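The values are calculated or read from the model by the stated rules, or taken from the named source; none is laboratory data. Every value quoted in this text rests on a predicted model; they were computed, and no experiment measured them. Cβ sites come from the backbone with ideal geometry, for glycine too, and all protein chains shown count toward neighbours.
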4 protein chains.
Amino acid sequence: MSDLPRPPVRGLPVPDRPAMAGFEPDLTVDPNLVNLDDYERAAAERIPAGPLAYFTGGALDERTLRDNRAAFDRRRMIPRVMTDVAEVDTGVELLGRRWPTPIWIAPTALQRMAHPDGELATARAAAARGITVTLSSSASTDMGDIAEAGGPRWYQVYLLADPGARRAMVERAVSLGYEALVMTVDLQRLGRRERDIRVGFRIPEGVGLPNIARAAGVGDEQAADVAFVSRLTWDDLEWVAGFGLPVVVKGILHPDDARLAVAHGAAAIDVSNHGGRQLDGAIASLDALPAVLEAVAGRVPVLMDGGVRRGTDALIALALGATAVGIGRPVIWGLAVDGEAGVGRVLDIITGELEQAMALAGVSSVTELNTIRVV
Amino acid sequence: MSDLPRPPVRGLPVPDRPAMAGFEPDLTVDPNLVNLDDYERAAAERIPAGPLAYFTGGALDERTLRDNRAAFDRRRMIPRVMTDVAEVDTGVELLGRRWPTPIWIAPTALQRMAHPDGELATARAAAARGITVTLSSSASTDMGDIAEAGGPRWYQVYLLADPGARRAMVERAVSLGYEALVMTVDLQRLGRRERDIRVGFRIPEGVGLPNIARAAGVGDEQAADVAFVSRLTWDDLEWVAGFGLPVVVKGILHPDDARLAVAHGAAAIDVSNHGGRQLDGAIASLDALPAVLEAVAGRVPVLMDGGVRRGTDALIALALGATAVGIGRPVIWGLAVDGEAGVGRVLDIITGELEQAMALAGVSSVTELNTIRVV
Amino acid sequence: MSDLPRPPVRGLPVPDRPAMAGFEPDLTVDPNLVNLDDYERAAAERIPAGPLAYFTGGALDERTLRDNRAAFDRRRMIPRVMTDVAEVDTGVELLGRRWPTPIWIAPTALQRMAHPDGELATARAAAARGITVTLSSSASTDMGDIAEAGGPRWYQVYLLADPGARRAMVERAVSLGYEALVMTVDLQRLGRRERDIRVGFRIPEGVGLPNIARAAGVGDEQAADVAFVSRLTWDDLEWVAGFGLPVVVKGILHPDDARLAVAHGAAAIDVSNHGGRQLDGAIASLDALPAVLEAVAGRVPVLMDGGVRRGTDALIALALGATAVGIGRPVIWGLAVDGEAGVGRVLDIITGELEQAMALAGVSSVTELNTIRVV
Amino acid sequence: MSDLPRPPVRGLPVPDRPAMAGFEPDLTVDPNLVNLDDYERAAAERIPAGPLAYFTGGALDERTLRDNRAAFDRRRMIPRVMTDVAEVDTGVELLGRRWPTPIWIAPTALQRMAHPDGELATARAAAARGITVTLSSSASTDMGDIAEAGGPRWYQVYLLADPGARRAMVERAVSLGYEALVMTVDLQRLGRRERDIRVGFRIPEGVGLPNIARAAGVGDEQAADVAFVSRLTWDDLEWVAGFGLPVVVKGILHPDDARLAVAHGAAAIDVSNHGGRQLDGAIASLDALPAVLEAVAGRVPVLMDGGVRRGTDALIALALGATAVGIGRPVIWGLAVDGEAGVGRVLDIITGELEQAMALAGVSSVTELNTIRVV
């Protein structure tokens, strides 16, 4: 018998289980906000139509947007049993930092459209949990304010056309303690998101782009006119890597690009199709993952984002070989529903689901992920 | 010509068939209670919302819950014809007993939430038909009462944290003539069943856990606070096997676990995902069956449960190589609709469907199952 | 140039085509009765609930019933072009007779439940077109009346339990000029058709089983009580073949049974699952066809029935290797809508569709079917 | 860094992108007419029921019609990143002409049923963009008027039964500067389009077939009675090729026919199933493309049409190996909504989508299409 002394379990509503370790908070929640899809529904009632279209939409027919989620539903796990999962450690080592959970917050723009506290609320909720947040170049909050939140942070880089401004933006991120630069490589053009067009989306008054404005030395009203570079090649990755921070290359789907990214200095690769917002018809992130992993062959960590809405989704991606998974839109939904507390709740739900999913799959740490199968 | 003297067939409503042997009762039934799905619908009108959520629900998005059934619908049988099926013998030998039908009642908790007679009604209906019933550790009826029903019975074991209580519960089952111990290995944590959370499910007043209470020496009100072991490993299987009864290891999906179960003393394996209530995204039981069968290679019988709602479903699983199939929720539906009579009717329907399906597939006994194909 | 003198085309409603040969009648029809599905809808408004359930239904969950049709929808044809299809010959040689079209009328019982003229109307419509009709043992019309219709006819044999009656029924069919005996081998039990149970289907007053009654020497009221043999084996096929007519073995799905049928004297095989009315979950007829064809290896013709509702469906089955396809329920729908004229119209539609489909696929006769592909 | 001096980007509604090059017009459009499906919906409100049925419908059950589109949705692209796509050249060389975009207008009949300006509006919109338009033999506008529009033009040939008329029609197209002859090879019969039958479609008064009438020397009222050849074989292709223009063979699905077309003088092949209007159940054009490409092995260009509604669809076909894709119905929808301007808008949308899709896929010219994958 392997049972060690454990505190007795209190007031179980359903008796057929041994313990509630790691998942107790879920029993106290609002029954209408049980999971991340609930937050999406609740947020849709709170966000105005224009920003909602912007946050929700994908490109053209939204084939890829839907497929990002369908790809998880097509997969099945073959879990293990009778392993010791009394203590599940979801931690993972990534780019020199120990993460409490292999989930990170992917960059999303203009979060103050969802809640007045915007990116700051997101950063505080993440910091309180030791979760890495990525600040978008198109953030509506100053990168200095995010740094003051004090948590682990990455900065997502779009390259400004003006060389001085371009350098200034990156240098400021480095000086503010951002630990990695996330270089988005799938947005040389903006994908055509028809929801935006149908509702006539424009950035609301009072929501600015302070990091672009400051780097370019213009006022808030001019920030939207600041040009990005119109060409982006692997040389640009080397330029970004020259700042000394590890660079996460975000937006890789093709294995040949994964090889090129590693060859040009990527510290990590993020398999992503930009949330289905760029090339409609692009392969689902999860479906692209295996070939990228094979091409990378362990030389750098491979992350993914796109369609992760459940801890079980995260487990599928991890079991296939991803080191961590990013979530984007769900953070917006939490933010819209309840600011920092809402983001915190979204993070607690999905990290709790992952912890439980690992236990239910018989996996007590990420080092054991190879014992289960995904089919 | 191979027709032996047979009693003439009476009053056929449809003349294009030779005989009604084995399926006659179905013509007399309530046209609204023709099959097990009918019982589910009828039960949903009788069971209060909380218990209904508990009995119905699966984990998270209920992907696995749905897939358990979809897996049967994806398969097709290639039947045989012109074999002698005038007498179909559905019997099977299992763990030293001759079963009249390769269908058993899988454990479900708290049956008194469905009907005041609870597990006793189930046991009596099963006993009258020689069908093996499994009593859950979380049953709401004393295991002694079930034993008095007199039919073939298995006891499903959750391990209590207190060593004395743990041993006491198992020893009492052994002494009461339970013929096998069913060790559930996929519930070290309770899967997150969102239906329960949404309706605020709590065990109703007056429905207790007498077997846990008695083993732990506490009153009915304290039973829900009795802790289970927080770790479960293969050593625990050996401890359970030490009581001398055959142990059915319930909850295996991975072929490596099937091998380990056999190595640690399993007398039989039950391929199961706990009715889709534990790891959402786990493979459907039926889809997991072939690899487990291959791993076990005939050393012990392999059972399955999950999604069996028709005799044709049972036939598919048997033709793939299962020795028997378990049904769980349908028993609850029968119980809710009409107590012992309802359970009996549910059993008669599915065993009748199986008998007929074998005949229609040209199979007069389980030894001939290898003549048909499942694709 | 290959155009020979042809009559000019008159009054074309749409000009982008060269000719209307072979499909003109369709332009004159009731726009609500354009295809066989229209007839099904129209018939459902005319047939009483009980008989409608009987004619429409399949066994249990009707998985096989639906799959019979879905199997056609899953297939695609790769047609040929630029072949000479000015004259399409749909004719085929089968069991010594030249058929004008490779479509036959499969047996359906009790046609007088659909229309007072019943099987006689069906036989007359078929005779007028040279199409072979199969009379069911459970027909509601005397086989002598059908013979008087004068067309090519087959008799479907169920074996009566009484040896004298059994022989009498077959001998009468032989003496009345039926050209083949269709032995149904998949109905040793009646499949469970839940629609019948739900509506409480009983054979209506005034609809009898004259061929069974006459063979058994009983009155019409007793015919439904006449027993069929309760065992059916390959010896019975040899007994049927002993009457000297070619025997079409109807109800084969498994290639091993196809081999056995040939070995025991089948003159042709009909791949069928009894319209999804027997073993629910059985493979779709079309899906079973290729393996049966491979097993038979050309020794006897292979027919199929099940789900054929379009000339394009017929072409798919023929291109896969079937010699002819049977239709069952659509004949009932035509009968219900307009008696003999309705059956005729149903036959004209589907044979016209097949003729056109062959032309559109670039196939001017069945000997050229191997030039197209089905994927 | 690879950014060259570029004009600054003005007034971006969404800041997370570097440039709007090539897709700006879309931001100014009617939010109800954003894509080609919008035009279909809008057109359905403007076109009378009969012509709408004619333009919309496919044959029989419209399986192939639907599958033409579904085939695109089943495919996914694996795009490239970090390539220089600041300038995307969608141009392609085809039959001696440089095309600005690999999209052509496939022939559709009777366009004056959609708008009084009919084919002339289509031709003018195409000419203004340098896009090749194909005039149908069943056009409702004189081929001379189309020639005066001055753009690149092909003539689609149906062979008239009368040898003199047949020759006259083709010779006139040659003399009017049509650059290629499109020989439709999949319409020896007219497919059965049930929508036409249900609404009783007839060509409206005042919509004629001037090219057929003129060639046959009859009045407009007699044109619909002019017969086409009733046989069409590869010899006819050689006859058409004898006029000296390149011949595009339209309607090939089978690889053997592709080989035959090349052997008999085809200058290009168009993989097509006539918009799902001929053989229902025929393979989707996109699904037929790979085998045709393999059979042709680069000897002539391979085009396709059927189901292309998005620039991403076009990119999928091109990435699989097509040289250009045709659109048919969407042109009708644009025509119905706003005449020449509507056709122009439809062309701008889909060509803009293609240009953007290439950029988003990391492909700056058609010569780089082999760097991406379609799965």
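When segment B:273-290 is filtered for residues that are more than 10 Å from every other protein chain (Cβ to nearest Cβ) and either among the hydroxyl-bearing types (Ser, Thr, Tyr) or more than 18 Å from the chain's Cα centre (by Cα) (or both), the ones remaining, listed by number, are B:Ser285, B:Pro290. Pick out the one residue from D:Ala336, D:Ala263, D:Ala241, D:Ala297 that is aliphatic (A, V, I, L, M), more than 14 Å from chain C (Cβ to nearest Cβ) and more than 19 Å from the chain's Cα centre (by Cα). Going through D:Ala336, D:Ala263, D:Ala241, D:Ala297 in turn, just one is aliphatic (A, V, I, L, M), more than 14 Å from chain C (Cβ to nearest Cβ) and more than 19 Å from the chain's Cα centre (by Cα): D:Ala297. Of all positions in segment A:84-98, none carries a residue that is at pLDDT 95 or above, of a type in the set (Gly, Ala, Ser) and crowded, with 23+ Cβ neighbours inside 10 Å.
Every residue in segment C:170-189 that is out of contact with any Pro (no Cβ under 8 Å at 6 or more places or on another chain) and hydrophobic (A, V, I, L, M, F, W, C), please. Within segment C:170-189, C:Val170, C:Ala173, C:Val174, C:Leu176, C:Met183, C:Val185 meet the criteria. Exactly one residue among D:Ala165, D:Ala224, D:Ala215, D:Ala173 is without any contact (Cβ under 8 Å) to a residue 24 or more places away in the chain, over 30 Å from C:Met77 (Cα atoms) and crowded, with 18+ Cβ neighbours inside 10 Å, and that residue is D:Ala224.
Given the structure, is C:Val346 touching a Gly at 6+ places or on another chain (Cβ under 6 Å) and of a type outside the set (Gly, Ala, Ser)? Yes: the conditions hold for C:Val346.
Considering only residues in segment D:243-272 that are more than 12 Å from D:Val182 (Cα to Cα) and touching a Pro at 6+ places or on another chain (Cβ under 8 Å), the one that is surrounded by the fewest Cβ atoms within 10 Å (Cβ to Cβ) turns out to be D:His254.
Taking segment B:60-73 only, how many residues are surrounded by fewer than 19 Cβ atoms within 10 Å (Cβ to Cβ) and either within 7 Å of chain C (Cβ to nearest Cβ) or aliphatic (A, V, I, L, M) (or both)? Selection size over segment B:60-73: 2.
Being assigned to a helix (DSSP H, G or I), more than 20 Å from D:Leu190 (Cα to Cα) and touching an Asp or Glu at 6+ places or on another chain (Cβ under 9 Å) is the filter here; which residues of segment D:111-142 pass it?
Selection gives D:Arg112, D:Glu119, D:Leu120, D:Ala121, D:Thr122, D:Ala123, D:Arg124, D:Ala125, D:Ala128, D:Arg129.
All of (1) more than 28 Å from D:Asp61 (Cα to Cα); (2) surrounded by fewer than 21 Cβ atoms within 10 Å (Cβ to Cβ); (3) touching a strand residue (DSSP E or B) at 6+ places or on another chain (Cβ under 8 Å) hold for C:Leu320 with one exception: (1). In the set (1) assigned to a helix (DSSP H, G or I); (2) in contact with a helix residue (DSSP H, G or I) (Cβ under 8 Å, 6 or more places away or on another chain), A:Val363 fails one condition alone, (1). Only one entry of D:Leu279, D:Leu303, D:Leu286, D:Leu293 meets the criterion of being at pLDDT 95 or above, buried (at least 24 other Cβ atoms within 10 Å of the Cβ), part of a helix (DSSP H, G or I) and among the hydrophobic types (A, V, I, L, M, F, W, C), and that entry is D:Leu286. Would you point out the residue of segment C:157-195, among those that are closer than 25 Å to C:Arg97 by Cβ and of a type in the set (S, T, N, Q), that is nearest to the other protein chains (Cβ to nearest Cβ)? Result: C:Thr184. Going residue by residue through segment B:44-59, is there one that turns out to be in contact with a strand residue (DSSP E or B) (Cβ under 8 Å, 6 or more places away or on another chain), away from chain C (no Cβ under 14 Å), within 30 Å of C:Ala282 (Cα to Cα) and modelled with pLDDT of 95 or more? No, there is no match, as no residue in segment B:44-59 is in contact with a strand residue (DSSP E or B) (Cβ under 8 Å, 6 or more places away or on another chain), away from chain C (no Cβ under 14 Å), within 30 Å of C:Ala282 (Cα to Cα) and modelled with pLDDT of 95 or more. Filter segment C:74-120 down to residues that are in contact (Cβ under 8 Å) with a residue 40 or more places away in the chain, among the basic types (Lys, Arg) and within 14 Å of chain D (Cβ to nearest Cβ), then give me how many there are. Total satisfying the criteria: 3. Every residue in segment C:143-153 that is assigned to a helix (DSSP H, G or I) and surrounded by fewer than 19 Cβ atoms within 10 Å (Cβ to Cβ), please. Result: C:Gly144, C:Asp145, C:Glu148. Every test in (1) among the aliphatic types (A, V, I, L, M); (2) touching a residue at least 40 places away in the same chain (Cβ under 8 Å); (3) facing chain D (nearest Cβ under 9 Å); (4) surrounded by fewer than 23 Cβ atoms within 10 Å (Cβ to Cβ) is passed by A:Val207 save one, and that test is (3). Here D:Thr108 meets the list (1) closer than 27 Å to A:Ile197 by Cβ; (2) modelled with pLDDT of 95 or more; (3) assigned to a loop (DSSP other than H, G, I, E, B) almost entirely, failing just condition (1). Given (1) more than 27 Å from D:Thr64 (Cβ to Cβ); (2) modelled with pLDDT of 95 or more, identify the lone condition not met by D:Val249. Result: D:Val249 fails condition (1) only.
Of the listed requirements (1) at pLDDT below 95; (2) buried (at least 17 other Cβ atoms within 10 Å of the Cβ); (3) not in a loop (DSSP other than H, G, I, E, B), B:Asp16 misses just one: (3).
Kindly evaluate A:Leu232 against the criterion of being modelled with pLDDT under 95 and either within 19 Å of D:Ala359 (Cα to Cα) or not in a helix (DSSP H, G or I) (or both). Before you say what the answer is, go through the steps one by one.
Values: modelled with pLDDT under 95: yes; either within 19 Å of D:Ala359 (Cα to Cα) or not in a helix (DSSP H, G or I) (or both): yes.
Answer is yes for this residue.
When segment A:176-191 is limited to residues that are charged (D, E, K, R) and at pLDDT 95 or above, the one that is surrounded by the fewest Cβ atoms within 10 Å (Cβ to Cβ) turns out to be A:Glu179. Number of residues in segment C:154-213 that are of a type in the set (A, V, I, L, M) and assigned to a strand (DSSP E or B): the value is 6.
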